[in-house]
Amino acid sequence: MNLEITGTGSCIPSVRVPNEDFTGNEFYTRDGQRIDQDGETIIRKFEEITGIRERRYATPGQQTSDLATIAAHEAIKDSGVDPENLDGIIVAHNFGNIPYGKIQSDILPSLATRVKHDLKIKNPNCIAFDILYGCPGWVQAMILAYNYILAGQGKRYLVIGAETLSRKLDPHDRDSMIFSDGAGAAVVEAIDNDLKKGILSTASQTFTEEEAYFLNYDESYKPEVGHDTRYIKMQGQKIYQFALTKVPAAMKLCLDRSGLSIDRVKKVLIHQANEKMDEAIIKRFFRLYRTPEPEGIMPMSIHLLGNSSVATVPTLLDLLRKGELEGHDLNEGDVILLASVGAGMSINAITYRV
């Protein structure tokens, strides 16, 4: 029995936000000092480091669960399954639904329950629940679905990653330009097949001794802003060093568990966090096998879509499967690695044969 992805879908919001839209922002340091540089200089340096030229935001009328439902519908359609035959819906997110212009998150009922309702699925045996696991949430939800199926708890799951990070950002923090909105989804099924395909191995790790609060909630960097609202905050340099040290080793652990050699890996789909960081992770990963990384090994979407947290990997997978990433393709038998890192600090990976 194989556990294969039979359908994928994504929701890329329609609102384009280019870097130039941030030129008028007043940016401050972590200790409340205004950054004495013009907006164009700040943005140029930002783009050089992250690779981000623009990002997508949800429209004011869209909620995280709306994006999730759109991606879910596309994945179900792509898979050809009857939604009533789904055994579960798992939604990975971080902040739930946040109405436009509000600051309070809404996760009652769960986003998975809302998606099931919006898809009009009546089957009570289709369980629906959310997970909170930082940016690696969708990959972890896939690992959960994999283990549910292996344990005999159903044969097919709909796994979604969705987020509207644009509604949790401090406009006075340069890091706010990294984040974006979006959703990605996949249907994973148990398939009888003599050829070993699908999910071959997994790995998950969480580091908390010193790393737990590398990403957290805190006040605006601008001192005059009120103290009642909290925003996403991250210690960028510490996260960068953590990722370069820990992520390649976790990816190697996952690949080694599959029993496959490094030369079998066709693509690495890594969380779209920061272009330079992702490139450095890939270099170090291949260095662990004493081999240079192959050209074209790492598809990227961050340049135009930004960092949509849990949605980056499933969106990237959907674009790759459907031939929408120029210069990249997938063929039957190709081995790919899915990997992510984020708040927690958690890391995970999946080895998958197409």
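The residues of the stretch 98-144 that are in contact (Cβ under 8 Å) with a residue 40 or more places away in the chain, surrounded by 17 or more Cβ atoms within 10 Å (Cβ to Cβ) and of a type outside the set (A, V, I, L, M), listed by number, are ARG114, CYS126, ASP130, TYR133, GLY134, CYS135, PRO136, GLY137, TRP138, GLN140. Against the numbered list (1) touching a strand residue (DSSP E or B) at 6+ places or on another chain (Cβ under 6 Å); (2) assigned to a helix (DSSP H, G or I); (3) closer than 18 Å to ILE98 by Cα, ARG167 comes up short only at (1). For the stretch 39-55, filtered to residues that are within 15 Å of PHE27 (Cβ to Cβ) and acidic (Asp, Glu), the residue that is surrounded by the fewest Cβ atoms within 10 Å (Cβ to Cβ) is GLU40. Pairs meeting the criteria (first residue in the stretch 290-309 and closer than 23 Å to PHE95 by Cβ, second residue assigned to a loop (DSSP other than H, G, I, E, B) and β-branched (Val, Ile, Thr), beta carbons under 7 Å, at least 6 apart or on different chains) are ILE302/ILE52; LEU305/ILE12; GLY306/ILE52; GLY306/ILE178; ASN307/ILE178.
Exactly one residue out of THR351, THR312 is within 20 Å of the chain's Cα centre (by Cα) and part of a strand (DSSP E or B), and it is THR351.
Scanning the stretch 16-33 for residues that are in contact with an Asp or Glu (Cβ under 8 Å, 6 or more places away or on another chain) and either touching a residue at least 40 places away in the same chain (Cβ under 8 Å) or surrounded by 14 or more Cβ atoms within 10 Å (Cβ to Cβ) (or both) yields ARG16, VAL17, ASN19, PHE27, TYR28. Based on this model, can you work out whether THR351 counts as under 25 Å from ARG55 (Cα atoms) and either surrounded by fewer than 23 Cβ atoms within 10 Å (Cβ to Cβ) or touching a Leu at 6+ places or on another chain (Cβ under 8 Å) (or both)? Taking the combined requirement at face value, the residue does not satisfy it. The condition of being surrounded by fewer than 24 Cβ atoms within 10 Å (Cβ to Cβ) and within 24 Å of ASP78 (Cβ to Cβ) does not hold for LEU269.
Computed from the coordinates by the stated procedures, all read-outs in this text should not be read as laboratory data. Predicted model only: the values in this text are computed from it and were never measured. Positions of Cβ are backbone-derived with ideal geometry, glycine not excepted, and every protein chain shown enters the neighbour counts.
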